[in-house]
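First comes the structure, then the notes that go with it.
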Amino acid sequence: MQDVKSVENVDLATLIVDLGTVQIYTSTVQDLIDQACIEFHIDDLLKAGQRQWKAVMYYVGKRLFPDTKVLKDKRLYSTGVAMTNYNRYDYEVLDTLCNYYLSLSDRYSKLVSAVAFSHFCNIPTNTIDVWASDEPSQGSFKIWQKLRQNRKDCILDRAYDSNSPVGTMFVGNNEFGMNQPGIGDNATQRRAITAQELPRLDEKKSQELHAIDTQFVGVAADNTV
């Protein structure tokens, strides 16, 4: 984390996000990741498990954002009585941080996790779950959706890459119902049969049964001595 006074000494090409009084740089994040690996005795973060990865993200987030007020929306809105930001986060800032977190997950071959992203931003781990019920047009919902879609993509990639994808697919089934009939994305594309369609289905079934009966009669006639 760099103070504004030292910005002149930093390569601005590595700037992740400018929070006004605080700027976050890729070099700072990487230094914190390296420090976490030393403290947690992680020799190769690529080979580290998900729990270790979350611990690293927690370590980084606590030091990047010791005061999460810098992540709050600085715009004020009138309530008719006073001006307030409703104590909500700046979703544009968090979306930028989310994109960088996703790139870190790819770099270190880690499963995308709303919990790990929460650790990276030092925000409560249940916050993003709450965003799932927000309006689809809101920035909060879009961040939740982005994390969910990328997590699902990670699961599919791991299933393809793994020689034994049982564990990966267990996660996929548990969270997305990937292999469960009538559950998951495929199920949402199906539509219910209307009452008007039922007579046509009965008629089609009768025609199919008649055709089968005709075939049996023809075979029986051919086999008659």
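With equal scatterers on the alpha carbons only and no solvent term, can you work out the Debye log10 of I(q)/I(0) for the range 25-71 at 0.16, 0.23, 0.32 1/Å?
So the normalised log intensities are -0.43, -0.80, -1.21.
Mind scanning K62/K142; K74/K146; K47/K142; K110/K146 and naming the pairs with a C-alpha gap bigger than 19 Å? Before the final figure, lay out each step's value.
On the way: K62/K142 24 Å; K74/K146 24 Å; K47/K142 30 Å; K110/K146 16 Å.
As for pairs spanning more than 19 Å Cα to Cα, those are K62/K142; K74/K146; K47/K142.
Give the carbon-plus-sulfur fraction of the accessible surface of the range 1-151 in %, rounded to a whole number; probe 1.4 Å, heavy atoms of protein chains only.
Here carbon and sulfur together make up 51 percent of the probe-accessible area.
Can I get the semi-axes of the range 58-111's equivalent ellipsoid? Compute them from the C-alpha gyration tensor as square roots of 5 times the eigenvalues, in angstrom, largest first.
Equivalent ellipsoid semi-axes, largest first: 30, 13, 6 Å.
Just to verify a number: what accessible area does S78 come out at with the full protein assembly present, 1.4 Å probe, Å² rounded to tens?
Roughly 80 Å² of S78 is accessible to a 1.4 Å probe.
What accessible surface, in Å², does a 1.4 Å probe find on M83, ignoring ligands, DNA and RNA and rounding to the nearest 10?
Only protein atoms counted, so the area is about 110 Å².
Please give me, ordered by residue number, the trypsin sites (Lys or Arg not before Pro) of the range 19-72 that lie in loop per DSSP and have at most 15 other Cβ atoms within 10 Å.
K47
How much of R107 can a 1.4 Å solvent probe reach, expressed as accessible area in Å² and rounded to 10?
Surface accessible to solvent at R107 totals approximately 110 Å².
Over the range 45-148, with the other protein chains present, what is the accessible area per residue in square angstrom, probe 1.4 angstrom?
On a per-residue basis, 51 Å².
Normalised by the empirical 2.2 N^0.38 Å for globular proteins, what value does the Cα Rg of the range 1-145 take?
1.11
The values are calculated or read from the model by the stated rules, or taken from the named source; none is laboratory data. These figures come from a predicted structure and were not determined experimentally. Every residue, glycine as well, gets a Cβ built from its backbone with ideal geometry; the counts of neighbours run over all protein chains shown. The accessibility values were calculated without ligands, DNA or RNA, using every heavy atom of the protein model including side chains. Shrake-Rupley method; radii C 1.70, N 1.55, O 1.52, S 1.80 Å.
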